[in-house]
1. For region 351-435, run through the GluC sites (Glu not before Pro) and keep only the ones in DSSP coil with at most 12 other Cβ atoms within 10 Å of their Cβ.
2. Which value in nm describes the separation of the simple spin-label points at residue 409 and residue 327, placed 7 Å from the Cα toward the beta carbon?
3. Suppose we keep just the DSSP beta bridges with both residues in region 127-217; what percent of those would be antiparallel, to 5?
4. Given R₀ = 30 Å, what would the calculated FRET efficiency be for residue 226 paired with residue 416, taking r from the Cβ atoms and rounding to 0.05?
5. Non-local amide H neighbours of residue 77 (under 5 Å, H modeled in plane, Pro and chain starts lacking H): which ones?
6. Based only on Cα atoms, what mean projected area does the convex hull of region 380-431 have, in nm²?
7. For the chain, place one equal point scatterer on every Cα, skip the solvent, and apply the Debye formula. What is log10 of I(q)/I(0) at q = 0.08, 0.12, 0.14 Å⁻¹?
8. Ordered by residue, what ³J(HN,Hα) values in Hz, to whole numbers, does region 266-271 give under the Karplus form 6.51 cos²θ - 1.76 cosθ + 1.60, where θ = phi - 60° and Gly and Pro are x?
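The values are calculated or read from the model by the stated rules, or taken from the named source; none is laboratory data. Quantities reported herein were computed from a predicted structural model and do not represent experimental measurements. Using ideal geometry, Cβ is built from the backbone for each residue, glycine included, and neighbour counts are taken over all protein chains shown. Heavy atoms of the whole protein, side chains included, go into the accessibility calculation; ligands, DNA and RNA do not. Shrake-Rupley method; radii C 1.70, N 1.55, O 1.52, S 1.80 Å.
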Amino acid sequence: MAATSWNLKEKIDKSSLRFEVPSNVAPIREKVLGFIEELVYPYEQRLRKEGPSPAMDQELKSIQAECKKRGLWALGHPVEIGGQGMPFRDYIYVNEVQGRSEVGSVCLGTHSLQDSLMLYNHASKDIKAKYLNGIVQADIYPSFAMTEPDLLSSDPTGIQTEAKVDEKTGEWVINGRKWWTSWAEYAEFTNVMVRTEPPSTPAHQAFSIICVPTKTKGYNILRGTHVLGCDGSHSEVLYDNVRVPFSNIIGKRGQGFLIAQERLGPGRIFHCMRWIGQAQRAFDIMCERLVQRQVPRGRGGMSGGAMPLGELQLMRKHVYDSYCELVAHRFMTLAAAEKMDAGGYAKVELAAAKANGAQVLCRILDRAVQVWGAKGLTEDTPLSSMYRHARASRFYDGPDELHIDTVGRLVLQSYSRGQRWDFGRAGPTEGTKYPEDYMAVHKMTTPETPKNSKL
């Protein structure tokens, strides 16, 4: 009989899904983590206390220059546009340590990845020449506008901002109002989702994405939209007869939803990996407090001796719950990434990971704040800012309820087609029909209702 190999490392290295960081990624991941802890954390702390200013902008430029010098800049961007071309399945492991800081992505040049890929794949040659290299190198910043005030954000087919072609000039004329426009205050341009087709057009073919330079007449920033009191780098913008060339359309007319979904898929994976980084950081802060904080051993105060806070069982429960949730979310995210990397759309996996990851992050941060007590509510630790920003994660790229409904609907659709959802295959089974008479197959019976029953 042949011997069975129980070499775990060999199995991990040969498998497609790696819960452990692959050996070829570990060195660069450690460098990124070191960069985050050495330079980004101190910058983040000063930015939190002092707020945006020319001095802070200059410090950010210095950090970005150092990042380029160390060879850590734009790791996930294609080589063709000035990035380092790290494969998707490798980059996600780096993204989880980069995500430990809210400003990590802009310090490492990965904040523009989604916008860069969108321009690279769909924009005209003129738009690429004008903006692409600049946003990859962080000489200029992009922004994206989709959400509108007082409209159901989970159903973007209700978008009212519209763009019409001026028959005399051939220009797009855009009117409407957007909010939660990322980086609008700092951006060189905004890629804005607008209705371009007649009302009779099928909803998902009626919208397009148009590139609007932010210095264009009629592009009016009304206010910054804060996140629970924090500067979230989002703005509300009024488009008042904004005119741009017809060639500023990204892709073709009516392809706005298709391009947006192409943008959002990898974006949700990146969100999930960043949340793992945020949750890991909160977990670290919580556990360090539990081993360092001294509390009375008994009811007699410190005269009876002291012990670490972590010796209390309820505190250990915080560690247990956070550990289990973080491990489970990481596995869900890697499973979704694997399916995407193999060419699948992974709609169920992405929706589940996105909603679950946002909730897990909020719960772990909540426990960390609880462990730190009143100090956790102050700016003396990063937890206050992290907590407020984390709460927004349950809304952007679709609220939890939308993703939860998507998972339930799609899974049940597979059962209605006579299939099973096989977790060993990460999806519905093809060709294996679900028994029409489930109760008969499983030898289950239903008790008869008594004849005199009123039920």
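1. 379, 430
2. Rounded to a tenth, the inter-label distance reads 3.4 nm.
3. Taking every DSSP beta bridge within region 127-217, about 70 percent pair in antiparallel fashion.
4. E(calc), rounded to 0.05, equals 0.10.
5. So residue 77 has HN proximity to 84, 85, 86.
6. 5.3 nm²
7. -0.56, -1.13, -1.43
8. Taking θ as phi minus 60°, the curve returns x, x, 5, 4, 5, 4 Hz for region 266-271.
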